[in-house]
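Each value in this text was obtained by applying a stated rule to the coordinates, not by laboratory testing. Here the structure is a predicted model, which is why all the values come from computation and not from measurement. A quick note on method: Cβ atoms are made from the backbone with ideal geometry, for glycine too, and the neighbour counts reach across all protein chains shown.
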Amino acid sequence: MSRVPGWLGRLGAGLTAASERWSERRAEVARQDAERDAHPPESATGQVPPPPDHPPLVQPRPDPAQAVPWGVRVAAEVGWRLLVLAGTVWVLMRVISAVQLVVLAFAASLLMTALLQPTVARLRRYGVPRGPATALTAVLGFVVMGLIGWFVTWQVMENIDNLSDQIQDGIEELRRWLLDSPFHVTDKQINEIAANLREAVGANTDQITSAGLEGVTVVVETLTGILLAVFSTLFLLYDGRRIWEWSLKLVPAAARPGVAGAGPRAWRTLTAYVRGTVVVALIDAIFIGLGIYFLDVPMAVPLAVFIFLFAFIPLVGAVVSGALAVVVALVTQGVFTAVMTLAVVLAVQQIEGHILQPFILGRAVRVHPLAVVLSVTAGGMIAGIGGAVVAVPLVAVTNTVVGYLRGYSEEVARARLVAESKTPPPAPADNGTEAS
């Protein structure tokens, strides 16, 4: 009986020790599992695998704007800005077409003011007050223009009967020349052409009548535009500076210095263009008029005046006025006189294009021939003859303004950089460490 309790005691002690070791082992395993969860092992590629009991991670989608290629984004930005600009230009053109008469009258007044303003300035330097100087210059200018128009009308009315007879004789001479020419034109073909012309005139009688009625409206609008242009010219000559200063107030303050500097330069360009064009047109009219006068072409003086007026339409006006002179010479004096007239016109225009315009107009208002052709064509399509006259000076003034504003912006940026480079560094902050 005494051994049984000792054996049971040793068995209980062994079970107790095994239980303690099992508890320590479970605690060690739990500690290792916690460390593995806190620091998961890396794979062979250096990436940490997600826990097996977690769902796979979903990669976030990129921003749609970042997914579009850079070139496509730039093209889209440029495209919508061009659309806004085209819409603005279209609206502006619609507004101009709605008030076309006012715009053309004001443009004509600007051209006349550019032509007459130097005379007002010269009279002011001689001590004449502004009002009398403006009135005297305007009266003399408008009287000269009116006399030119009256002289042309008088010459045409005086020579219309003689010209009609000469045209009939010229047509008959042209008919004989065609019959004797190597083109093998027969009398029957000439009569058929004349009959077709008569039929065309007879068939379009209604259209010709309606065009005549529309011509009355055109005359009324022309007179209204002339009066408006005269009225505007008087005010621009008398009070042009104050009108310009008031216009500057409509410009944003940030852009006002640049516009204030570009305005006088644009005005000088317009003045130089108008005065140079008048001188060149006068030289063309004198020399071509003398040439066709010595060739015995009828109405040489009215044709010279037409050449002077059409010279204000660059390129196109010279071609039209020269062709008119050649046609009159052909139907009145024959083929030889027409060829000689064409030679005179071409010679004077070549001298004008290569010597007179570069010397008189100078580089300040020189416009590339392609820009001249495109601007005259666009101006003619938009506003007819008035638009063709205004197109080239508008392009010349725009070229001057853009060039000045570009140089002004570069100068402002350069001055800003110089000012920033000369700015002293900021003083060190006082942290209270000065010796007492």
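I'd like to know how the stretch 250-395 sits against the 2.2 N^0.38 Å rule of thumb: what's its Cα Rg over that expected value?
Working: Rg = 18.1 Å, N = 146, 2.2 N^0.38 = 14.6 Å.
That ratio works out to 1.24.
Counting Lys and Arg as +1 and Asp and Glu as -1 over every other residue whose Cβ lies under 14 Å from the Cβ of Val259, the net charge comes to +3. You can think of it this way: the chain between Val327 and Ala98 has 78.7 nm of extra reach, that is 0.36 nm per residue less the Cα-Cα gap.
On full extension, the segment bounded by Thr153 and Ala371 gains 75.0 nm, given 0.36 nm per residue less the C-alpha separation. Any idea how far the Cα center of the stretch 236-267 sits from the one of the stretch 72-150, in Å? Cα centres, the stretch 236-267 to the stretch 72-150: 14 Å.
Within the shell of other residues whose beta carbon sits under 14 angstrom from the beta carbon of Ile283, the net charge comes to -1, with Lys and Arg scored +1 and Asp and Glu -1.
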